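First comes the structure, then the notes that go with it.
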Amino acid sequence: MEKLVIEGGVPLKGNVRISGAKNAALPLMAATLLAPGEHVLRNVPDLRDTRTLLRLMGNMGVKSRREDDVLYIDSTNLEHAEAPYELVKTMRASVLVLGPLVARLGRARVSRPGGCAIGARPIDFHIMGLEHLGVRCTLEDGYVDAVVDSELTGNVVYFDIPSVTGTENLLMAAVLAKGQTVLKNAAREPEIENLIDMLNSMGAKISGRGSDKLIIDGVESLTPADATIIPDRIEAGTYLIAIAASGGCGTVTHCNPGHLPSLLEKLRHAGLLVTETEDSITIGFPDKEGDIERHISGVDIKTAPYPGYPTDLQAQFMALMTLSGGNSVIKETIFENRFMHVAELHRMGAQIKIDGRTALVSGLGLNSLDGAQVMATDLRASSSLVIAGLAARGRTEISRIYHLERGYENLIEKLTGLGARVWKEAE
Ligand code: EPZ
């Protein structure tokens, strides 16, 4: 096992290039199961999670190869419609094969993901939606057995909560269903728009892109895609926050500022200077009469479905708020257990009180944290510890960094490129 070591206290400077989005790559890769032939996906990040999904699809008979950030996926010989527990337990998003398998083969056997560090995360909406399209779903031995007895038929599906992968699974099932499906209170994340654009380029008929009401008119068949993965807005947000927390100034490139409306406003409220171009965001501190004023104000956030403040940037923003000069209230409304990073930030001297899904952060100012040995518990919690380690005095050691490798491509190279002192060591 490896750990990440950070010598903190270096203001980050320069440019960092953002990779393709993990949470877009996964559904777009699964969507290649819908049509035989070779699909081309561009700007695909090379991550533990994308490799896991390729292995899962490989077990089903799908051929794939990677050339730099381009994936060639051929699902002509798709035959085994099974997602085994061994793989699904390592990556919940494996559930995204359920919709396309049911649509293409009329059957699927997918392990239920089980518990997760950040919450129970059931898949009842996915199953409810498929049952509305005429799929018979049996839950046995920890698996969902989904079978289409007659034919997949369009219907109206209402989500109690706008589920991201729930919306994606139903979109991928409905594109080959007979008649029209209407998804109501659907999720509106940019990653879903990326999936809709790919499916429509394959011959699907989806309207309502960007809204919470999606209308899908089923078609007989689809053709292979040539699609590009959007930039990773969560990775971009993570680097912006890391640069600010280190007291530095820098630019994230190859990103889409339009996908981060709430974060950019919150960073401006915190007193940071944020400027945007079409595909880059620069962050730094205001220059007051020739003197850079490195001060961060306390700002409240409340996570919400897109375009609200993303839950996947909650932990990172909390790390920043521990370095502010004031108080901030952080409300987590999406997941019931997404404060696992707090106890680790306490070890670095942060002042945070938790009351249920609300955290009260008392900022102690820039350079107020001390390096320590801490433990990663999930993907985004671990990135908040990296941010705290970069800002802290002295040395921080983060164990269980496999969590980070699931969602951040070339993290050490990118941070070193910004001047950070960071490396891996065996535990
Ligand atoms: C997606 O997870 C993302 N994962 C998550 O990112 C992200 O945190 C989440 O959306 C919210 O933005 C991928 O896209 C692969 P949900 P998903 O279904 O789809 C409840 C990361 O760090 N719910 O939108 O699993 C659920 O428990 C990951 O990259 C049900 O009750 O999240 C939660 O409270 C972590 N029943 C809420 O809805 C269901 O059937 C939203 O979850 C489905 C969801």
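Data overview
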| item | result |
| --- | --- |
| In the range 278-312, residue nearest to H341 (Cα to Cα) [restricted to those that are of a type in the set (A, V, I, L, M, F, W, C) and more than 16 Å from the ligand (Cβ to nearest atom)] | V299 |
| Condition met for I6 (β-branched (V, I, T), assigned to a strand (DSSP E or B) and touching a residue at least 60 places away in the same chain (Cβ under 8 Å)) | yes |
| Selected residue (only one of L28, L33 is in contact with a Pro (Cβ under 6 Å, 6 or more places away or on another chain) and either buried (at least 22 other Cβ atoms within 10 Å of the Cβ) or in a loop (DSSP other than H, G, I, E, B) (or both)) | L33 |
| Residue list for the range 365-404, filter: within 16 Å of the ligand (Cβ to nearest atom), in contact with a strand residue (DSSP E or B) (Cβ under 9 Å, 6 or more places away or on another chain) and closer than 23 Å to N15 by Cα | S382, L385, V386, L404 |
| Pairs where the first residue, in the range 329-349, is within 11 Å of T311 (Cα to Cα) and part of a loop (DSSP other than H, G, I, E, B) and the second is polar (S, T, N, Q) and more than 14 Å from the ligand (Cβ to nearest atom), C-beta under 9 Å, 6+ apart | E332/T358 |
| Selection from the range 385-404 of residues that are more than 20 Å from A244 (Cβ to Cβ) and outside any loop (DSSP other than H, G, I, E, B) | R395, E397, S399, Y402, H403 |
| Residue within the range 107-114 that is out of contact with any Leu (no Cβ under 7 Å at 6 or more places or on another chain), more than 12 Å from the ligand (Cβ to nearest atom) and small (G, A, S) present | yes |
| Residue ID - nearest to G371 (Cα to Cα), chosen from residues in the range 304-322 that are buried (at least 20 other Cβ atoms within 10 Å of the Cβ) and of a type in the set (G, A, S) | A319 |
| Flag for A173 being aliphatic (A, V, I, L, M), buried (at least 21 other Cβ atoms within 10 Å of the Cβ) and away from the ligand (no atom under 16 Å from the Cβ) | no |
| Any hit, the range 239-254, residues being more than 16 Å from L273 (Cα to Cα) and part of a strand (DSSP E or B) | yes |
| Test for G61: is it in a loop (DSSP other than H, G, I, E, B), surrounded by fewer than 23 Cβ atoms within 10 Å (Cβ to Cβ) and within 16 Å of the ligand (Cβ to nearest atom) | no |
| Members of the range 364-384 found to be outside any helix (DSSP H, G or I) and either within 17 Å of I243 (Cα to Cα) or of a type in the set (F, W, Y) (or both), listed by number | G365, L366, N367, S368, L369 |
| Any hit, the range 286-303, residues being part of a helix (DSSP H, G or I), modelled with pLDDT of 95 or more and under 26 Å from G371 (Cβ atoms) | no |
| Among (1) farther than 23 Å from R233 by Cβ; (2) touching a Ser or Thr at 6+ places or on another chain (Cβ under 6 Å); (3) of a type outside the set (G, A, S), the one test that N337 misses | (2) |
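The values are calculated or read from the model by the stated rules, or taken from the named source; none is laboratory data. Note that the coordinates shown come from a computational prediction; the quantities given were computed from them, not determined experimentally. In this analysis, Cβ positions are derived from the backbone assuming ideal geometry, glycine residues included, and neighbour counts consider all displayed protein chains.
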